[in-house]
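The values are calculated or read from the model by the stated rules, or taken from the named source; none is laboratory data. Since we're looking at a predicted model, the values are computed, not measured. Methodologically, a virtual Cβ is constructed for each residue, glycine included, from the backbone with ideal geometry; neighbour enumeration extends over all protein chains shown.
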Amino acid sequence: MPQIFKDMTVVLAFALVIFQLGKPIAAHFTSGADFKRRRNVWLALTAVAFLSPSFWLFVAVAVPVLFWAARKDSNPVALYLLLLHVVPSLLIPIPTIGIKELFDLDIYRLLSFCILVPFALRLRRAKDTAPIAGLRTMDVFLLAWGALHVLLYVPPDLPGHVILPDSLTNVLRRGLLFLVDVYVLFFAVSRGCADRRDLRDAMAAFCLGCAIMAAVATFEGARHWLLYADLQWRWTGSANRTYLERAGVLRAQASAGHSLALGYLLAIALGFWLYLQTYLVSKRSRFAVAILFCLGLLAAYSRGPWIGAVAIYFAFMAVGPGTFGRIFKAVTAVAVVLGVVSLTPLGDRIFKVLPFTGGSKNDVTVAYRQQLATRSWQLIFQHPFLGDQLAYSKMEDLRQGEGIIDLVNTYAEVTLFYGFIGLFFFFGFVWLALVRAYRTVRGARLSDPDLARLGASLVACILGTMLVLVEAAFNLGFEKMFYVLAGLAAAYSQMRPASAAATAATA
């Protein structure tokens, strides 16, 4: 059997099992018709992706399917989040005639064009959009960040001091892509999840997609077999199978595109699950889903997301109602888990890569990141306000054997190229979402515990994201979920506590 059929069989087998086991759980948050349609679209697109010899054949099938599903779905944001990583993000240039290039297309942009853009246009035309007025400050911050991104040209990182020139066409292209990739995403999520039912549905859909990735990642780690590597090779022609290892252990990727992105996505799913599990009576189901996410996190073998997941757990316990007892419970649970893990061979592998256990002192990646941080801040203070768009050319001695300068601190990267003004708008945007969501949590703790727990989950995930971005590049799932979380928090901040009877009615 050809390798691609083996890969497809394994992925679809895991997906079918997860969909079957997850159906009764999803019934608490999603209508039966929406669940069935989303499941069928996910399975169909996955099968087509593995069977398609080119990305464009996949696009030809996916576009009408996605337009149809988005029109039928009661919550397009939830559909988007379920399909966000149905296949890996692989940037493929759009074929053009008469011009040098248009722009690249991947699954993120495909979903945005087919699901989010039509949904955003419907929201704009809707008559009952008064609540969005309160989100204007966040819109201003985001659009200001976008203006800097469009107007300040950062040449792509190419070896050999090659600097591609800018042009009016490039400026227009960057503006269009910012709207499609970023603003439409935030607009659709912040305006489309107007009540807690839609918000829960979106969170549950994201968790369902991540549950499939967690199962696939666990298999990849156990069998040393990346199930999406051949698909990447057929669509891009790249001979690099991107098998990343640490201490001789394969770092699973599933369809996230990178082990770091996979670990981060599963950490966010775990944060969502801390709230969603409260709707389940079965403790076995609660525990099983949490264990699945943790297994996927371990398979990703990325210390940043591990630390982020722990931070999300503690933040959820601290922010939600019943603070002291919940924090004590969280500390006890983490201590027990660490104690059990430390007695296994897996525990030794984990502690060897964590920076605060002394195991990473000789890690070359840690030393490289320290060098990058030192050089980055030197350049930042030379151009503190609007950054240095040619900073790459001044860091050539830090180019790795892979041919890249691997900037892995998002805040340093933003400040390096866009200055402290850029950092102000970038950080201020998500900070506004965090503060507004936290205020709503505080106001709901006594009168509406369910709303408070929902907000605690979002606040915890945003805090975890802000922590993980210290050691992660702003791409793949990191970028998408950064804006999704801000949008969900913005939508949540518009909600008001309900009476106990009203809360029960919406459950």
Practice prompt. Might you check whether a residue that is in contact with a Ser or Thr (Cβ under 9 Å, 6 or more places away or on another chain), under 28 Å from residue 488 (Cα atoms), of a type in the set (Ser, Thr, Tyr) and touching a residue at least 24 places away in the same chain (Cβ under 8 Å) occurs anywhere in the stretch 400-422?
Written response: yes
Worksheet item: Does residue 468 fit the bill of being over 20 Å from residue 141 (Cα atoms), out of contact with any Lys or Arg (no Cβ under 9 Å at 6 or more places or on another chain) and outside any loop (DSSP other than H, G, I, E, B)?
Response: yes
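One line per residue, one yes/no per condition, for (1) modelled with pLDDT of 90 or more; (2) under 20 Å from the mean Cα position of the chain (by Cα):
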| site | (1), (2) |
| --- | --- |
| 61 | yes, no |
| 81 | yes, yes |
| 103 | no, no |
| 107 | yes, yes |
| 136 | no, no |
| 141 | yes, no |
| 162 | no, no |
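Which one of 30, 46 is surrounded by 22 or more Cβ atoms within 10 Å (Cβ to Cβ) and among the hydroxyl-bearing types (Ser, Thr, Tyr)?
Working: 46 fails: surrounded by 22 or more Cβ atoms within 10 Å (Cβ to Cβ).
That would be 30, the only listed residue that is surrounded by 22 or more Cβ atoms within 10 Å (Cβ to Cβ) and among the hydroxyl-bearing types (Ser, Thr, Tyr).
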Practice prompt. Please identify the pairs in which a residue from the stretch 164-175 that is part of a loop (DSSP other than H, G, I, E, B) and of a type outside the set (A, V, I, L, M) has its Cβ atom under 8 Å from the Cβ atom of a residue that is modelled with pLDDT under 90 and surrounded by 11 or more Cβ atoms within 10 Å (Cβ to Cβ), counting only partners at least 6 apart or on another chain.
Written response: 166/153; 166/155
Item to complete: Would you please list the contacts, defined by Cβ atoms under 7 Å and residues six or more apart or on different chains, that run from a residue in the stretch 1-18 that is farther than 14 Å from residue 254 by Cα and modelled with pLDDT of 95 or more to a residue that is aliphatic (A, V, I, L, M) and surrounded by 13 or more Cβ atoms within 10 Å (Cβ to Cβ)?
Response: 18/211; 18/212; 18/215
Worksheet item: In this structure, does residue 58 turn out to be among the aromatic types (Phe, Trp, Tyr), assigned to a helix (DSSP H, G or I) and under 23 Å from residue 475 (Cβ atoms)?
Response: yes
Discussion item. Of the conditions (1) touching a strand residue (DSSP E or B) at 6+ places or on another chain (Cβ under 8 Å); (2) modelled with pLDDT of 85 or more, residue 349 satisfies every one except a single condition; which number is it?
Written reply: (2)
Discussion item. Considering only residues that are aromatic (Phe, Trp, Tyr), assigned to a helix (DSSP H, G or I) and either in contact with a strand residue (DSSP E or B) (Cβ under 9 Å, 6 or more places away or on another chain) or in contact (Cβ under 8 Å) with a residue 40 or more places away in the chain (or both), which ones fall in the stretch 263-313?
Written reply: 264, 272, 273, 275, 279, 293, 306, 313
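Take residue 41 and decide whether it is surrounded by fewer than 21 Cβ atoms within 10 Å (Cβ to Cβ), within 18 Å of residue 255 (Cβ to Cβ), in contact (Cβ under 8 Å) with a residue 12 or more places away in the chain and not basic (Lys, Arg).
Numbers: surrounded by fewer than 21 Cβ atoms within 10 Å (Cβ to Cβ): no; within 18 Å of residue 255 (Cβ to Cβ): yes; in contact (Cβ under 8 Å) with a residue 12 or more places away in the chain: yes; not basic (Lys, Arg): yes.
Here the answer is no, as residue 41 does not meet what is asked.
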Worksheet item: List pairs: first in the stretch 86-97 and within 10 Å of residue 108 (Cβ to Cβ), second among the hydrophobic types (A, V, I, L, M, F, W, C) and outside any loop (DSSP other than H, G, I, E, B), Cβ under 7 Å, 6+ apart or cross-chain?
Response: 89/107; 89/476
